[in-house]
Amino acid sequence: MNSCLICDDHQMMLQALRGSVQMSWPRADITLAGDFPSAWSSAAAGPDLILCDLGMPGAPPVEGVRRLRDVAPESPVLVVTGVEDDQILLDMFELGVAGFIPKVSSPTILELAMRLILAGGHYLPERMIKLTSRLSETGSEPPTFAAGAGFSKLTVRQIEILRMIATGKSNKEIARALCLSPATVKAHVAAVIAALGSANRTEAAFAARNLGFI
């Protein structure tokens, strides 16, 4: 059974995240926290994953996440927030968070980010890749993230097709299963390969498996 700590001071968002996590982990042990002190206390149990907003009562964002990392150093932290302050986001990466996802992201993207992180990878949207380049300008080493950004560009249909590719299905088999034309499937496959930066469908499937997405 997976365990997850979800931290957000808005009750509607807290419940929405809880519902999204339960869709991915139906039997998950989920703990909720509405402020940083409660989050620190609950994090001491060492959950498998922590979803954390930045703008919560009890501490400034950087200090709040820093202490969260101190309390549960083995628990990966996925920041789920509406904060767009570039410096704060860079500070988060320096603290060693496992990824960042905007609150407006779909449940599919949240599931993807969770899978990547639990597989040992990191989820970094394309915008964050550009931000991390600023660290090198100050003489710091930019954090190393697994190639997760390409997955965020995929549509729900393309994710479905990627999963079928990974099971060894041909374009014709995928077309029959999804009631699509072979030409449409071929176009989706090409888009998937391009988004992941792979050379072919085999590499795309391998990347998905390697990052825990399949």
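Could you say which residue among Ile161, Ile174, Ile165 is within 19 Å of Phe206 (Cα to Cα), at pLDDT 85 or above, over 26 Å from the mean Cα position of the chain (by Cα) and open to solvent by less than 80 Å² (accessible area, probe 1.4 Å)?
Unique residue meeting the criteria: Ile174.
Please pick out the residue among Glu63, Glu74 that is open to solvent by 40 Å² or more (accessible area, probe 1.4 Å) and not in a loop (DSSP other than H, G, I, E, B).
Sole residue among the options that is open to solvent by 40 Å² or more (accessible area, probe 1.4 Å) and not in a loop (DSSP other than H, G, I, E, B): Glu63.
Give the residue that is surrounded by the fewest Cβ atoms within 10 Å (Cβ to Cβ), with candidates limited to residues of region 11-38 that are assigned to a loop (DSSP other than H, G, I, E, B) and not basic (Lys, Arg).
So the residue we want is Pro26.
I need a count of the residues in region 39-58 that are open to solvent by 20 Å² or more (accessible area, probe 1.4 Å) and either in contact (Cβ under 8 Å) with a residue 12 or more places away in the chain or under 14 Å from Ala98 (Cα atoms) (or both).
9
If Ala183 satisfies every condition in (1) surrounded by fewer than 18 Cβ atoms within 10 Å (Cβ to Cβ); (2) modelled with pLDDT of 90 or more but one, which is the exception?
With respect to (1) surrounded by fewer than 18 Cβ atoms within 10 Å (Cβ to Cβ); (2) modelled with pLDDT of 90 or more, Ala183 is out only on (2).
Within region 78-97, how many residues turn out to be without any contact (Cβ under 8 Å) to a residue 40 or more places away in the chain and either of a type in the set (Ser, Thr, Tyr) or in contact with a Gly (Cβ under 8 Å, 6 or more places away or on another chain) (or both)?
4
The values are calculated or read from the model by the stated rules, or taken from the named source; none is laboratory data. Here the structure is a predicted model, which means the values were calculated and not measured. Counting neighbours? That spans all protein chains shown, and the Cβs are built from the backbone with ideal geometry, glycine included. Note: accessible area is taken over every heavy atom of the protein model, side chains too, but ligands, DNA and RNA are not part of it. Shrake-Rupley method; radii C 1.70, N 1.55, O 1.52, S 1.80 Å.
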